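Down below is the structure, laid out as structure tokens.
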């Protein structure tokens with residue numbers, strides 16, 4: 001897979017870049033800037049907390065439909 005690189009990030013665009021990167025899930029990793037890396041890490045931690053209670057429920061009891 002070809003790697004994408006940004007030379008500069010326009011001020012204010014970092015949030016849009018975060019959303020774009022997160023579309024790729026575990027297939028993407030931000031190496032730099034550190035600020036963007038930390039933003040994505042925080043977003044993932046908050047998402048994990050949303051689903052913590054799901055781990056405690058047995059799979060059979062989940063109603064998906």
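The values are calculated or read from the model by the stated rules, or taken from the named source; none is laboratory data. All figures in this text were calculated on a predicted structure; none of them were measured in a lab. As a convention, Cβ positions derive from the backbone with ideal geometry for all residues, glycine included, and neighbour counts pool all protein chains shown.
Being farther than 18 Å from residue 16 by Cα and modelled with pLDDT of 65 or more holds for only one residue in 29, 43, 52, 35, and it is 52.
Residues of the range 13-43 that are surrounded by fewer than 13 Cβ atoms within 10 Å (Cβ to Cβ) and either in a helix (DSSP H, G or I) or at positive phi (or both): 15, 16, 19, 20, 25, 26, 27, 34, 35, 38, 41, 42.
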